[in-house]
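Asks: So that we are looking at the same thing, I have put the structure below in structure tokens.
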Amino acid sequence: ASSVLYLFLKSQGANVNVYIPRRDSEGYGLNSPALQSLAEKGTDLVITVDSGISGAKEVAEKPASMDIIITDHHMPPAELPKAYAVINPHREKDSYPFKDLAGVGVAFKLCQALYQKITKNSKMWMENIDLVALGTIADMVPLLGENRELVRAGLKIMSNTKNKGLAALIE
């Protein structure tokens, strides 16, 4: 999910860095010391992938100079973080028709929506669908509906991927 969002944002000219917390010392998801450190280095927008839905406390404590957008597919708690945006198909009253997207699927849908907004046309952004397929399988979500289609499309091009890291994994 991080790679898909990173590659999309870079392709649109954004200044992007990736931060993945150390699970052994920082835990899962958002953590206040990391947000503070990122802000001190000039980060003014954090977009989570596959995490953050349970980070109400961390979002409330974030540096004032920072906005946070959460993309996640885990079941939301009763209190959502008061982030700039919370994108999760399991949110109450969310109208997205397919609820079982993997974390990478939610990030991919954000990329598609941004692509349509930026380009002003209805063409769907399909770059890195091979990474979306891999992430969907790795997240162990049901291979039904939209997940099945994302995996089918990704597997179709995976054997000829231009992604060097994925090609090395395949080899």
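Asks: Mind listing P(r) for region 1-67? All alpha-carbon pairs, 10 Å bins, whole percents.
Replies: The calculated distribution, bin by bin, is 20, 53, 27, 1.
Asks: Also: Does region 31-171 classify as rounded, prolate or oblate by the C-alpha gyration tensor (a ≥ b ≥ c root eigenvalues; a/c under 1.5 gives rounded; else a/b over b/c gives prolate, otherwise oblate)? Please list the in-between numbers first.
Replies: Details: a/c = 1.83, a/b = 1.52, b/c = 1.20.
Here region 31-171 falls in the prolate category.
Asks: For ILE47, list long-range residues whose amide hydrogen, built 1.01 Å from N in the peptide plane, is under 5 Å from its own amide hydrogen.
Replies: Residues meeting the criterion, in which the H sits 1.01 Å from N, are ILE69.
Asks: Next question. What is region 113-161 by shape, rounded, prolate or oblate, if you read a ≥ b ≥ c off the alpha carbon gyration tensor as root eigenvalues and call it rounded for a/c under 1.5, prolate for a/b larger than b/c, and oblate otherwise?
Replies: Working: a/c = 2.48, a/b = 1.66, b/c = 1.50.
Note, shape of region 113-161 comes out prolate.
Asks: Could you count how many Lys pairs in the chain have their Cα atoms under 21 Å apart, skipping same-chain pairs fewer than 8 positions apart?
Replies: Lysine pair count for the chain: 19.
Asks: Something else: Give me a comma-separated list of calculated 3J(HN,Hα) values for region 12-29, in order, Karplus coefficients 6.51, -1.76, 1.60 applied at θ = phi - 60°, integers in Hz, x for any Gly or Pro.
Replies: In residue order, the calculated couplings are 9, x, 6, 8, 10, 10, 10, 10, 10, x, 6, 5, 6, 10, 10, x, 9, x Hz.
Asks: Can I ask one more? In deg cm²/dmol and to the nearest 500, what is the mean residue ellipticity at 222 nm of the chain if only DSSP H runs of at least 4 residues count, each as -39500 (n - 2.57), divided by the residue total? Please report the intermediate quantities before stating the final value.
Replies: Numbers: 8 runs with 76 residues, N = 171.
That comes out to -13000 deg cm²/dmol.
Asks: Please get the size of the charge dipole for region 1-48, origin at its Cα centre, with Cβ charges of +1 on Lys and Arg and -1 on Asp and Glu, quoted in debye to the nearest 20. Don't skip to the end; give the middle numbers.
Replies: Working: 4 positive and 4 negative charges, 28 e Å.
Here the size comes out at about 140 debye.
Asks: Something else about it: Measure off, as a whole percent, the carbon and sulfur share of the 1.4 Å-probe accessible area of the chain, all protein chains present. The partial results should precede the final answer.
Replies: Numbers: 5670 of 10370 Å².
In the chain, the share of accessible area belonging to carbon and sulfur is 55 percent.
Asks: Here is a further query. Calculate one ³J(HN,Hα) per residue across region 102-119 by plugging θ = phi - 60° into the Karplus curve 6.51 cos²θ - 1.76 cosθ + 1.60, and present them in order as whole Hz with x for glycine and proline.
Replies: 6, x, 5, x, 5, 4, 4, 5, 4, 4, 4, 5, 5, 4, 5, 5, 5, 8
Asks: Using only the Cα atoms of region 55-96, construct the convex hull and provide its projected area averaged over every direction, in square nanometres to one decimal. Before the final figure, lay out the partial values.
Replies: Numbers: hull surface 11.8 nm².
With the hull built on Cα positions only, its mean projection is 2.9 nm².
Asks: What ranking, highest mean first, results for peptides 122-131, 159-168, 85-94 when packing means the other Cβ atoms within 10 Å averaged over each residue? Intermediate results must be reported in sequence, preceding the final value.
Replies: Details: 122-131: 17.2, 159-168: 12.1, 85-94: 15.2.
Top of the packing list down: 122-131, 85-94, 159-168.
Asks: Nearest 10 degrees is fine. How inclined is helix 129-138 to the longest principal axis of the chain, computing both from alpha carbons?
Replies: So the inclination is approximately 70 degrees.
Asks: So how far apart, in nm, are the two label points at MET140 and HIS74 if each is 7 Å from Cα heading toward Cβ?
Replies: Rounded to a tenth, the inter-label distance reads 1.5 nm.
The values are calculated or read from the model by the stated rules, or taken from the named source; none is laboratory data. Small disclaimer: the values here were computed from a predicted structure and weren't measured. Reconstructed Cβ throughout: ideal geometry from the backbone, glycine too, with neighbour counts over all protein chains shown. With ligands, DNA and RNA removed, areas are computed over all heavy atoms of the protein, side chains included. Shrake-Rupley method; radii C 1.70, N 1.55, O 1.52, S 1.80 Å.
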